[in-house]
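Q: The structure is given below, and queries will be raised subsequently.
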Amino acid sequence: MSTVFPRAAVFTRAREFVFEQGRPLDRARLLFHFESGPARAVLDELAVYQNDDGGFGHALEPDLRTPVSSAVATWCACTVLHEIGASADEPLVRRAVAYLLDTYDSAGRRWWIVPQESEDSPRAPWWTYADIGRTFGDCVLNPTAGLAGALWEYRELVPPALLAELTETVLARLESWADGSGGLDRGDLTAAELFAQARNLPEVARLRAIAAMRSAAARLVENKPEAWTEYLLQPLDVARTPDSPLAPAVEQASIAANLDYVLGRQLPDGSWPLTWSWADVDAQAWLLAEREAKGLVAVERLLTLRAYGRV
């Protein structure tokens with residue numbers, strides 16, 4: 001059973017978990033966000049996951065254990081680069097952009113989320129290569145929207161025609177699904193969030209994306225607390241901070257209830273329980289993936305709780 005700890009203890013326990021059981025990358029992220037730690041330390045830890053081809057692998061996405069580069073792991077890396085404000089001068093960034101340019105499927109205007117080699121390593125069942133088109137909506141939003149946002153962050157390294165093509169592709173898909181007629185899901189919305197927040201994205205495109213995402217978020221968010229133990233879109237997944245562009249799509253009462261819920265769900269070891277598992281597929285691999293994912297989630301929880309003045 002979860003225990004509600006005093007506000008200061010919530011942070012202290014979460015910090016202890018990240019430092020005792022989390023990955024060095026998430027420890028560096030926590031220090032960066034909460035204790036004026038250097039961005040260079042985050043970059044150095046992120047570099048551990050980068051391959052010679054410029055892409056990222058090595059279980060940067062904890063549920064995908066392959067060392068081989070993948071679009072999803074590279075997207076994970078790009079979210080970290082975004083949060084620390086990494087510049088286009090960083091060699092790591094330049095190699096990542098080169099990887100994305102090399103692996104872009106120009107015919108389909110997308111990146112396929114995982115490579116076939118992912119089958120050779122432990123993984124969650126949703127990362128089955130043969131099913132990725134069906135599982136991830138042909139990958140047009142997840143991961144393509146997030147990676148398009150990453151390229152906008154470093155537009156000086158990207159052909160302008162490609163940025164224009166990707167932008168229209170992402171916006172067309174978002175707007176076609178905004179009315180509820182399509183299969184937009186949590187992963188699509190998360191990928192689109194990085195797109196909408198990308199530095200250098202033209203304001204007209206940003207406003208179009210946000211309008212479509214708000215419409216989708218209002219339909220997808222689950223407001224019933226009894227359902228929050230499942231893997232679905234909770235209010236705080238949409239309104240990560242009070243000034244999030246998607247926050248208007250969520251009722252304030254739901255946000256407040258979700259904050260109380262998150263605080264109440266912190267475990268005695270300082271982590272939070274996950275809403276997914278693949279222990280039935282590979283129990284040993286899942287133990288490591290779970291611990292790594294919990295460290296990542298702990299940092300995300302603390303960032304949201306701080307934004308709302310709860311820690």
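Q: Would you please name the GluC sites (Glu not before Pro) within the range 1-77 that are DSSP coil residues with at most 13 other C-beta atoms within 10 Å of their C-beta?
A: Those satisfying the criteria are Glu35.
Q: Could I ask something else about it? Treat the count of other C-beta atoms within 10 Å as a stand-in for reagent exposure and order Asp131, Asp237 from fewest to most.
A: So the ranking, lowest neighbour count to highest, is Asp131, Asp237.
Q: So, in Å, what gap is there between the alpha-carbon centers of the range 241-264 and the range 1-75?
A: One Cα centre to the other: 24 Å.
Q: Also, quick follow-up: Please arrange Val42, Val297, Val238 by counting, for each residue, the other beta carbons lying within 10 Å of its beta carbon, fewest first.
A: Lowest to highest Cβ neighbour count: Val297, Val42, Val238.
Q: Let me ask you something else. I'd like the per residue volume of the convex hull spanned by the Cα atoms of the chain, given in cubic angstrom.
A: Looking at the chain, the number lands at 130 Å³ per residue.
Q: Give, in nm to one decimal, the length gained when the segment between Thr275 and Arg206 is fully stretched (0.36 nm per residue of separation minus the Cα-Cα distance).
A: 21.8 nm
Q: Within the range 69-89, find all residues whose amide N lies under 14 Å from a label point positioned 7 Å from the Cα of Glu156 along Cα-to-beta-carbon.
A: Correct set: 86-89.
Q: So between Glu230 and Arg291, what do we pick up on full extension, going 0.36 nm a residue minus the alpha carbon distance?
A: My answer for the length gained is 20.1 nm.
Q: Report the Stokes-Einstein translational diffusion coefficient (µm² s⁻¹, integer) for the range 49-130, Rh taken as the Kirkwood radius over Cα pairs, at 10 °C with viscosity 1.306 mPa s.
A: Calculated translational D: 123 µm²/s.
Q: Here's another thing I want to ask about it. For the chain, calculate the relative contact order in percent as a whole number, restricting contacts to Cα pairs under 8 Å that are 6 or more residues apart.
A: 22 percent.
Q: Once the range 49-220 is represented by equal point scatterers at the alpha-carbon sites, with solvent omitted, what log10 I(q)/I(0) does the Debye formula produce at q = 0.10, 0.12, 0.19 Å⁻¹?
A: Taking Cα atoms of the range 49-220 as identical point scatterers yields -0.34, -0.50, -1.26.
Q: Something else now. Multiplying the sequence separation of Asp243 and Ala8 by 0.36 nm and subtracting their Cα-Cα distance, what value in nm do you get?
A: Full extension from Asp243 to Ala8 adds 82.3 nm.
Q: Just to verify a number: FRET efficiency for Glu175 and Arg306, C-beta to C-beta distance, R0 = 41 Å, to 0.05?
A: So, using R0 = 41 Å, E works out to roughly 0.75.
Q: Continuing with this model, one more query. Which distance in nm do the two modelled labels at Gln284 and Arg219 give, with both placed 7 Å along the Cα-to-Cβ direction?
A: The answer from the label model is 4.5 nm.
Q: For the range 126-265, what percent of Cα pairs sit more than 25 Å apart?
A: 30
Where a number appears in this text, it was derived from the coordinates with a stated rule and is not lab data. Since this is a predicted model, take the numbers as computed values, not measurements. Reconstructed Cβ throughout: ideal geometry from the backbone, glycine too, with neighbour counts over all protein chains shown.
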